[in-house]
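Everything below concerns the one structure shown next.
What follows draws every value from the coordinates through simple rules; no lab data is involved. Quick caveat: nothing in here was measured; it's all calculated off a predicted structure. Here the Cβ positions follow ideal geometry from the backbone for every residue, glycine too, while neighbour counts run over all protein chains shown.
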Amino acid sequence: MSTHVIIDGYNLLGASSRRPFGLGQDVEAARERLLQDLAAYRQRVGHALTVVFDAWKQSGGAQQHEHRAGVTVIFSKYGEQADQVIQRMVRSQTQGCVVVSSDHEIMDTARAHGAMVLRSQDFLVKLRGPSDSSALQKNSHFEEKDDSDLTRRPDKKGNPRKLPKAARQRIRNLKKL
């Protein structure tokens, strides 16, 4: 059974950019490159992908749906943000899905409704290709200490060389995609 992945589009674009998103960039071209990357990812893994973009400041009326190379693209309606669309989609899912966003409000809603959550930076690792665990650990935002810095405090328990539980869970989630 295929997994449904719901992606906060501009959040993912912002995570992939080195400078603040929208400054000196052609937003339309960046969005098209992202959709091409997602279509290639969909061909590799076979998951159903839905990308939601903000269009709430543009007067257009209704929410727009498009299908491009197997990827469903949703533009929010006038007056509604992509965050609200994503939260509504997560609430209506009968089975678990995967939500890709770094927005805490979206992440909290998704977790509350049983969805798996991936931060945008972590999904970019999967989107760009490496599937070995060393690359995942390198990008998990936790640095391991070298052996010279490992001094164990007497009040701490557990393996000091082991990644924190949240980082290990993130790596497991990435391996599922």
Sorting 87, 46, 17 by the position of each Cα along the dipole of segment 4-120 (Lys, Arg +1; Asp, Glu -1; all at Cβ), the one nearest the positive end of that ordering is 46
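Rank by packing, highest mean first: peptides 82-91, 7-16, 159-168, with packing defined as the count of other Cβ atoms within 10 Å averaged across residues. Working shown, then result.
Numbers: 82-91: 19.5, 7-16: 21.7, 159-168: 11.6.
With the highest mean Cβ count within 10 Å placed first, the list reads 7-16, 82-91, 159-168.
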Computed label-point distance, nm, for sites residue 92 and residue 64 using a 7 Å Cα→Cβ extension
1.9
Please list, in chain and number order, the residues 5+ apart from residue 117 or on another chain whose amide H is under 5 Å from its amide H, with Hs placed from the backbone.
99
Quote the charge dipole size of segment 4-120 about the Cα centre in Debye, to the nearest 20; the model charges only the Cβ of Lys and Arg (+1) and of Asp and Glu (-1).
240
Please work out how much length the chain gains when fully extended from residue 168 to residue 32, using 0.36 nm per residue of separation minus the C-alpha to C-alpha distance, in nm with one decimal.
45.7 nm
